[in-house]
Amino acid sequence: MKHAVLSFLILVFTASFSSAEVVEYPELGVSFYLFDNWKAEYAGEDLWVWTSDEILFILFSPTTKETFVEDFDDMILDLEASIGEIDLDEPEEETLNGMRALYGEGSVSGGEILVAYFIFELCDEKGLIMLGFADEEEIELHEDEVEEFIESITPL
């Protein structure tokens with residue numbers, strides 16, 4: 001299980017990729033690659049990014065340094081109401097493109113959907129939660145793009 005989730009995260013973080021453009025999201029405080037075959041849409045203040053074949057979904061949600069733990073817990077509870085229990089490992093501290101972050105992984109009950117998350121510490125007391133979901137069997141189709149996508153996330 002842990003190796004499968006780690007593979008998912010590695011997939012989300014490197015690659016040779018199809019055509020992509022750097023897109024800035026000032027409301028979230030970051031920019032990243034958005035590939036031609038990926039879509040992005042705001043839902044309130046949150047941003048959903050997904051592959052056109054709907055194998056991978058990523059949710060970005062702004063937060064603050066003071067409330068990110070509570071906001072993350074609330075987000076998980078809201079998602080569990082629609083998709084089932086989410087089992088997560090304890091987070092580890094990471095650094096991605098100069099941003100301090102908590103990183104963790106897990107799965108939705110049943111184990112067929114992988115879950116990975118980052119909670120980024122941005123400037124000015126801002127934070128950003130990134131929560132990704134992927135089909136365990138098919139995520140390999142986007143291995144390179146996922147890796148490049150993660151590496152492309154940078155603060156504005």
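Each value in this text was obtained by applying a stated rule to the coordinates, not by laboratory testing. Predicted model only: the values in this text are computed from it and were never measured. When we count neighbours, we look across all protein chains shown, and the Cβ atoms used for this are built from the backbone with ideal geometry, even at glycine.
Quick look at the values:
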| quantity | calculated |
| --- | --- |
| Cα gyration tensor shape for the chain, rounded if a/c is under 1.5, else prolate or oblate | rounded |
| Relative contact order of the stretch 24-156, pairs being alpha-carbon contacts under 8 Å that are 6 or more residues apart, as % | 29 |
| Distance between modelled label sites at E112 and A81, nm, 7 Å Cα→Cβ extension | 2.5 |
| GNM flexibility winner over the chain from P26, P62, P91 (Cα, springs under 10 Å) | P26 |
| Theoretical gain in end-to-end length, E94 to A43 [0.36 nm per residue, Cα-Cα removed] | 15.6 nm |
| Cα point-scatterer Debye curve for the stretch 80-153, base-10 log of I(q)/I(0) at q = 0.15, 0.16, 0.21 Å⁻¹ | -0.58, -0.65, -1.02 |
| Packing-based order for 82-88, 142-148, using average beta carbon neighbours within 10 Å, highest first | 142-148, 82-88 |
| Computed [θ] at 222 nm, deg cm²/dmol, the chain (DSSP H ≥ 4; -39,500 (n - 2.57); rounded to nearest 500) | -7500 deg cm²/dmol |
